[in-house]
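The values are calculated or read from the model by the stated rules, or taken from the named source; none is laboratory data. In this text the structure is predicted, and so the values were computed from the model without any measurement. For neighbour counting, all protein chains shown are included, and Cβ atoms are generated from backbone atoms with ideal geometry for every residue, glycine included.
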Amino acid sequence: MLTGNKRRLYLGYWARHPSPANPTKYHTGLLLTSKNPKSDEKGAVIFHANNRIDADAHAETWKFEARPTMPRTAKLAGCMLLGKVPPKFQVEVITELLSKVHVPSPEDAGAENWRCRHWILDALTLLQTEGVIPELPDSLTKVLDNGYEFVEKKTQGNPIYEAQLYTCDTSGKEISSELPGFNMN
């Protein structure tokens, strides 16, 4: 069986506006793409926990989201290759798995100062256990931090969009990117 065209799962770092309540510069999520995706097609899928203000509840509400996206967007500053996904894990299977990752209620999220990185840590644990990605070489927090530090060092807070996306391995070492540049025109 040919395995050279397996889909890739990345840990993505999307630029965000830091705030006093959340000084983190990057939103984190998972990005599933084909090998060498085209920049103008919505052939990728983003999996993440995102927050919105619920006007009725006057609270920040976190929800799991899985949606089609282009492999490179204006806010995607860099990523970490987590691994090639075995063919038996189709998008629907991964979505179903990740939908089971805990997302707290608004009250619990506020009390715990819960953020997207907490969802990522739980998601990575599940993905390793289920065999979607290989066992990671360091603690999950260390792996997440390796990517954050890599993206911050490469972009210095100012991502370059026309070039291929800055990509690292799980140790934070730069690797050749399969993700295209973003056409700003």
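For a quick check of your reading: which helices (runs of 4 or more DSSP H) sit entirely within segment 85-185 and have at least 3 residues that are over 16 Å from Leu30 (Cβ atoms) and within 17 Å of the chain's Cα centre (by Cα)?
So the answer is 140-155.
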Filter segment 1-42 for residues that are touching a strand residue (DSSP E or B) at 6+ places or on another chain (Cβ under 7 Å) and polar (S, T, N, Q); which is modelled with the highest pLDDT?
Thr28
Are there any pairs with C-beta distances below 7 angstrom linking a residue in segment 135-152 that is loosely packed, with under 13 Cβ neighbours inside 10 Å to a residue that is part of a helix (DSSP H, G or I), with the two at least 6 apart or on different chains, and if so which?
Glu135/Gln128; Thr141/Leu121
Here the qualifying pairs (Cβ atoms under 8 Å; residues six or more apart or on different chains; first in segment 30-49 and buried (at least 19 other Cβ atoms within 10 Å of the Cβ) and among the β-branched types (Val, Ile, Thr); second modelled with pLDDT under 85 and in a loop (DSSP other than H, G, I, E, B)) come out as Thr33/Leu179
Find the strands (runs of 3 or more DSSP E) located wholly in segment 1-74 whose residues include 2 or more that are within 22 Å of Asn113 (Cβ to Cβ) and acidic (Asp, Glu), and list them.
59-69
